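Since the structure comes first, as structure tokens, the remarks are kept for the end.
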Amino acid sequence: MTTTIQPILAARGLTKHYGRVTALDHSDFDLYPGEVLAVIGDNGAGKSTLIKTLSGTVVPDSGDIRLDGQPVQFASPIQARDAGIETVYQTLALSPALSIADNLFLGRELRRKGMLGKVLRMLDRQAMETFAREKLSELGLLTIQNIGQAVETLSGGQRQGVAVARAAAFAAKVIIMDEPTAALGVKESNRVLDLIREVKGRGLPIVLISHNMPHVFDVADRIHIHRLGRRIAVVDPKTISPSDAVAIMTGAKAPPEAGLAA
Amino acid sequence: MSRVSDPEKTAASDAAGAIASPDANRHTPAQRLQHFLHANPAAVPMIVVAVSAVVFAAAIGPKFYSAFTLTLILQQVAITGIVSAGQTLIILTAGIDLSVGAIMVLSSVVMGQFAIHYGVPGFLAVIAGLAAGGLCGLINGLLVSRVKLPPFIVTLGTWSIFGAITFIYSGNETVRSQEIDQTAPILHVFGNAFHIGHAVFTYGGVILMLVISALLWYALNKTAWGRHVYAVGDDKQAAMLAGIRTGRVLVSVYVVTGLICALAGWALIGRIGSVSPQAGQLENINAITAVVIGGTSLFGGRGSILGTLFGALIVGVFSLGLRLLGTDPQWTQLTVGALIIIAVATDQWIRRASA
């Protein structure tokens with residue numbers, strides 16, 4: 001990655017304290033257009049705090065975030081979302097009793113045109129279901145036939161699919177995925193990895209947080225290694241072995257000099 | 001979709017949903033029943049109303065199965081039906097409101113005091129009462145959403161507070177029916193009845209309860225607000241991350257319920273004739289009973305207004321039916337108690353369908 005390309009999402013000097021615990025210690029972050037950037041780090045390294053500052057769930061004590069070169073400040077996930085950053089949470093943030101279509105549009109429902117929508121606030125179910133069906137089939141989630149099906153009737157992988165489809169459908173700039181394969185079996189994990197490639201193929205950059213090295217090395221273009229509250233290296237999965245990446249992550253191996261420049 | 005509370009539509013979409021679950025044919029009849037009930041929460045109370053009405057009709061004969069008796073049931077459940085419509089909203093958000101009865105009585109006392117003692121025109125007295133109900137709901141809602149106290153504790157407190165304010169404010173005095181008729185007949189409007197043959201329909205009983213239920217059904221199923229109410233009750237954290245302002249949804253639910261309780265207070269004046277601070281002492285328990293028997297889950301996110309309407313009717317059918325059979329009123333209490341336990345046990349069983 002050369003310096004002539006501007007990162008789509010960048011952070012400099014992010015710091016966050018929880019009481020006396022330092023979760024983020026002047027951490028940097030760069031995501032370039034069209035790439036899958038994996039973020040790895042040991043438990044407690046602060047990677048989830050880093051991701052939360054980018055998705056608006058946590059407000060950093062100091063440091064700045066730039067989206068498309070413009071400085072941004074997110075006080076809530078809603079603001080990050082409005083700015084074009086969609087997050088697929090580890091918990092998925094789906095409402096199990098509601099349908100697939102209702103979940104896709106949760107918090108941004110479409111209303112009927114004219115008096116029905118303006119005065120009676122009536123939902124435009126048909127438009128929402130058509131859109132939902134379109135988005136799910138675009139991502140190859142055709143096994144889900146009935147868009148009116150409650151999310152709780154779906155398998156774990158299908159639910160992940162719905163959450164990813166929601167993010168992909170509405171993300172204007174960036175998708176953040178937090179441990180999307182952690183709760184899934186081998187077959188379903190592979191489907192989700194395909195889904196990540198599919199979304200990337202459509203030009204959306206993805207931040208992937210994962211503990212699973214085979215998955216990270218399978219789909220990532222670059223790997224951001226987080227340690228002790230900061231980014232200590234960015235490595236290329238094609239030139240480094242998974243065991244070396246883990247060694248850098250745990251401090252057993254010094255980060256490569258070139259890593260920070262990348 | 002209307003998976004949560006539209007029996008006809010969901011039955012159809014369930015049939016289509018079978019395509020997505022290849023193991024649908026492996027289910028036993030009991031499991032299929034479980035899934036059907038899971039998708040149609042109002043089905044159980046509807047069946048119970050129908051069956052119990054048929055059984056009582058068979059046991060009592062034409063005395064029960066008359067237009068007069070059946071409309072009497074509607075009149076007797078009216079107040080509980082209105083209050084429990086509001087209670088349904090609260091319970092759908094995984095909350096509970098113990099103060100609904102107290103809000104209802106406080107609102108009716110405010111209407112009576114304004115109209116009779118302050119000499120305010122009747123409709124303004126009604127507006128003052130509605131405002132009092134809305135304010136009570138707002139206090140509950142803010143304590144639940146902003147101070148983040150458990151709804152049970154908040155409304156246990158406000159139940160006592162609103163009740164005490166009612167007695168202090170009214171000086172524990174009843175406003176008599178004649179006084180109301182002379183100065184503010186509008187307060188009695190829901191007591192007026194019209195007759196179709198032997199059927200007696202009070203406005204409070206038929207119209208207000210049905211209109212409120214219909215409006216809430218529409219709001220819950222056809223508007224974004226309704227979807228948000230279900231989402232907040234289902235999984236509040238998920239709803240928040242999905243971009244729903246959960247605090248606002250909660251406050252709105254408590255305020256709407258406060259207003260509905262005030263409307264019930266207005267209807268209560270029509271029903272009992274006078275304005276009494278002693279009235280409706282058990283209305284909070286009656287409302288929770290109707291909601292629970294109506295199949296709405298106390299864990300939130302599941303249930304329907306239609307179910308609550310049936311729940312209120314079940315209590316009404318049993319109360320009147322057992323009375324016409326000449327049994328001791330304690331048998332009614334015993335039966336209602338058993339129904340609550342059976343309803344919650346059924347809910348638990350149905351919820352397992354999703355696991």
* Could I get the Rg over Rh figure for the range A:98-149? Both from C-alpha atoms, Rh via Kirkwood, rounded to two places. => 1.04
* To do: For chain B, find the longest principal axis of its Cα atoms and tell me its angle to the long axis of helix B:7-17, 0 to 90°, nearest 10.
  => 20 degrees
* Structure fact -> dims of chain B, Cα set, principal axes, largest to smallest, nearest Å -> 70, 55, 33
* **Relative contact order (%) - criterion: Cα under 8 Å, at least six apart; region: chain B** => 31 percent
* Taking only the alpha-carbon positions of the protein assembly as shown and ignoring solvent, what does the Debye formula give for the base-10 log of I(q)/I(0) at q = 0.08 Å⁻¹? -> -0.67
* Structure fact -> Output field shielding_mean for A:107-114 (other chain Cβ, 10 Å radius) holds 3
* Structure fact -> In degrees, nearest 10, the alpha-carbon axis of helix B:246-272 is tilted away from the dominant principal axis of the alpha carbons of chain B by 50 degrees
* Starting with the highest mean, order A:189-197, B:37-45 by the number of other Cβ atoms within 10 Å, averaged over the residues of each peptide. => B:37-45, A:189-197
* Prolate/oblate/rounded label for the range B:270-355 (Cα gyration tensor, a/c 1.5) -> oblate
* To do: Could you tell me the distance between the Cα centroids of the range A:23-75 and the range B:83-106, to the nearest Å?
  => 43 Å
* Towards the positive end of the charge dipole of the protein assembly as shown, with charges on Cβ (+1 Lys, Arg; -1 Asp, Glu), say which of B:Tyr230, B:Val291, B:Leu220 has the farthest Cα. => B:Leu220
* DSSP bridge pairs, the range A:152-262: antiparallel proportion in percent, nearest 5 -> 55 percent
* Rounded tilt (10° steps) of B:43-60 against the dominant C-alpha axis of chain B -> 70 degrees
* Asked: A:Ile240's amide H: which non-local residues (gap 5+, or another chain) put their own amide H closer than 5 Å, with H modeled 1.01 Å from N in plane and none for Pro or chain starts?
  -> none
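Do you know the relative contact order of the range B:130-221, to the nearest whole percent, from alpha carbon pairs under 8 angstrom that are 6+ apart?
Computed over the range B:130-221, the figure is 12 percent.
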* To do: Any chance you could check the Cα centroid distance between the range B:149-193 and the range A:188-262 for me, in angstrom?
  => 65 Å
* To do: For peptide B:233-240, compute the average count of partner chain beta-carbon atoms within 10 Å of each residue's beta-carbon.
  => 5
* To do: Taking the Cβ of B:His117 as the centre, find all other residues whose Cβ is under 12 Å away and add up their charges (Lys, Arg: +1; Asp, Glu: -1).
  => -2
* **15 Å beta-carbon shell around B:Ile260, net charge (K/R +1, D/E -1)** => -2
* Structure fact -> Non-local residues with an amide H under 5 Å from the amide H of B:Thr296, with H modelled 1.01 Å from N and Pro and chain starts lacking one, are B:Ser304
* Lys/Arg +1, Asp/Glu -1 at C-beta; the protein assembly as shown dipole; positive extreme among A:Val119, A:Gly13, B:Gln87 -> A:Val119
* Report the local net charge at A:Val216: Lys and Arg +1, Asp and Glu -1, summed over other residues whose C-beta lies under 15 Å from its C-beta. => -3
* For the range B:98-208, alpha-carbon Rg and Dmax in angstrom -> 16.3, 54
* To do: For each pair in A:Lys113/B:Lys148; A:Lys187/A:Lys238; A:Lys47/A:Lys200; A:Lys52/A:Lys118, compute the distance between the two Cα atoms and list the pairs where it is over 27 Å.
  => A:Lys113/B:Lys148; A:Lys52/A:Lys118
* To do: Within a 10 angstrom radius of each residue's Cβ in A:116-125, how many Cβ atoms of other chains show up on average? Whole number is fine.
  => 3
* Asked: On average over all directions, what projected area in square nanometres does the range A:22-162 have, based on the convex hull of its Cα atoms?
  -> 11.1 nm²
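Here, each number is a calculation from the coordinates, and none is a lab measurement. Please read these numbers as outputs of a predicted model, since none were measured by experiment. Every residue, glycine among them, receives a Cβ derived from its backbone with ideal geometry; neighbour counts consider all protein chains shown.
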